[in-house]
Amino acid sequence: MVIEPIAYIRTSFPEKFGIPRQSGLASNLKARVVFEPQYRNADAVRGLEGFSHIWLIWEFSANRTTREWQPTVRPPRLGGNTHLGVFATRSPFRPNPLGLSCVEIDSIDLFTDEGPVITVKGADLMDGTPIYDIKPYIRYADSQQQALCGYVDSLEERSLKVVFPSELSSRIEDTSVIPSLVETLRLDPRPSYHDDPERVYGLSFARLNVKFRVNGEVLTVVDVQPL
């Protein structure tokens, strides 16, 4: 079977570093799903306005590789040293590098210069990621409250305190991106095994280069420059 993208997503992340580890963790993050020309038909999204969330099926396109698949991977959230079966993780390095994300519909604009465009919130995708399918989220079938989640049940999602000096935030012309930037930083973009309070990290976000340090549970922005 040969599948081709039906759309591409436009997000604030031009590279992998800093993207939330799962969809929905940064609910302020907005992204646009832009269909390929042959799918720019308003009838294709008819009825979608009655749903609040959708599933995106997409490709880990930044991880394309010719190497053979491996049966085990090392999840970063377990420190990068523990081996687990690839099918027991959401690792991007898979036999078929497909991702699955549940995102909230913010708006559906049927008649734009790019055809129908779906604006979503909470996407965990890099800018330009190909989308292979879109399906509506159905509450009674897709929500399993008693589900067991393996090693994930023993982990807590970190939430840092973000210190963003006003003299730096004032450099950002489009102030609408600040809440989603702070939300992204609060999730701690660093690999889980990094713990150097003196190290300065750089995050590319919404055409900005944001530099920060992390000391304990506090992340401090130290510089912001336009890209």
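The values are calculated or read from the model by the stated rules, or taken from the named source; none is laboratory data. Values in this document were obtained by computation on a predicted structure and should not be read as measured data. With ideal geometry, Cβ positions are generated from the backbone for all residues, glycine too; neighbour counts draw on all protein chains shown. Accessible surface areas use protein heavy atoms only, side chains included; no ligands, DNA or RNA. Shrake-Rupley method; radii C 1.70, N 1.55, O 1.52, S 1.80 Å.
Conditions: (1) of a type in the set (A, V, I, L, M, F, W, C); (2) under 30 Å from LEU148 (Cα atoms); (3) open to solvent by 70 Å² or more (accessible area, probe 1.4 Å). VAL2 meets all but one. Number of the miss?
(2)
Suppose the filter is loosely packed, with under 14 Cβ neighbours inside 10 Å, in contact with a Leu (Cβ under 7 Å, 6 or more places away or on another chain) and acidic (Asp, Glu); does GLU173 pass it?
Details: loosely packed, with under 14 Cβ neighbours inside 10 Å: yes; in contact with a Leu (Cβ under 7 Å, 6 or more places away or on another chain): no; acidic (Asp, Glu): yes.
Spelling it out, it is not the case that GLU173 is loosely packed, with under 14 Cβ neighbours inside 10 Å, in contact with a Leu (Cβ under 7 Å, 6 or more places away or on another chain) and acidic (Asp, Glu).
Out of all the residues in segment 137-149, is one or more open to solvent by 30 Å² or more (accessible area, probe 1.4 Å), touching a Phe, Trp or Tyr at 6+ places or on another chain (Cβ under 7 Å) and either under 18 Å from LYS30 (Cα atoms) or not hydrophobic (A, V, I, L, M, F, W, C) (or both)? Show your work before the answer.
The first filter runs over segment 137-149 and keeps only residues open to solvent by 30 Å² or more (accessible area, probe 1.4 Å), leaving 137-149.
With the extra rule that they be touching a Phe, Trp or Tyr at 6+ places or on another chain (Cβ under 7 Å), the set shrinks to 137.
Keeping just the survivors that are either under 18 Å from LYS30 (Cα atoms) or not hydrophobic (A, V, I, L, M, F, W, C) (or both) gives 137.
Within segment 137-149 (the criterion being open to solvent by 30 Å² or more (accessible area, probe 1.4 Å), touching a Phe, Trp or Tyr at 6+ places or on another chain (Cβ under 7 Å) and either under 18 Å from LYS30 (Cα atoms) or not hydrophobic (A, V, I, L, M, F, W, C) (or both)), the answer is yes, since at least one residue qualifies.
Mind listing just one residue for me: the one in segment 68-105 that is touching an Asp or Glu at 6+ places or on another chain (Cβ under 9 Å) and aliphatic (A, V, I, L, M) and, of those, surrounded by the fewest Cβ atoms within 10 Å (Cβ to Cβ)?
Within segment 68-105, the match that is surrounded by the fewest Cβ atoms within 10 Å (Cβ to Cβ) is LEU98.
If the Cβ limit is 8 Å and pairs must be 6+ apart or interchain, which residue in segment 77-94 that is at pLDDT below 90 and aliphatic (A, V, I, L, M) pairs with which residue that is part of a loop (DSSP other than H, G, I, E, B) and surrounded by 12 or more Cβ atoms within 10 Å (Cβ to Cβ)?
LEU78/SER192
If a residue has to be closer than 18 Å to SER107 by Cβ and open to solvent by 60 Å² or more (accessible area, probe 1.4 Å) to count, how many in segment 10-35 make the cut?
4
Check PRO197, PRO130, PRO165 and return the single one that is at pLDDT 95 or above and over 22 Å from the mean Cα position of the chain (by Cα). Write out each step before concluding.
Working: PRO197 fails: at pLDDT 95 or above; PRO130 fails: over 22 Å from the mean Cα position of the chain (by Cα).
Result: PRO165 is the single residue among PRO197, PRO130, PRO165 that is at pLDDT 95 or above and over 22 Å from the mean Cα position of the chain (by Cα).
I need every pair where a residue in segment 27-38 that is closer than 13 Å to ASP113 by Cα has its Cβ under 8 Å from the Cβ of a residue that is open to solvent by less than 10 Å² (accessible area, probe 1.4 Å) and among the hydrophobic types (A, V, I, L, M, F, W, C), sequence separation at least 6 or different chains.
VAL34/ALA7; VAL34/ILE9; VAL34/VAL117; PHE35/ALA7; PHE35/VAL117; GLU36/ALA7
Between residues in segment 154-171 that are closer than 17 Å to PHE212 by Cβ and residues that are surrounded by fewer than 12 Cβ atoms within 10 Å (Cβ to Cβ), which pairs lie under 9 Å by C-beta distance while being six or more apart or on different chains?
From residues that are closer than 17 Å to PHE212 by Cβ, the pairs are ARG158/GLU217; SER159/GLU217; LEU160/GLY216; LEU160/GLU217; LYS161/GLU217; SER169/THR175; ARG171/GLN225; ARG171/PRO226.
Check off (1) open to solvent by 40 Å² or more (accessible area, probe 1.4 Å); (2) at pLDDT below 90 for GLN38 and give me the number that stays unchecked.
So the condition that GLN38 fails would be (2).
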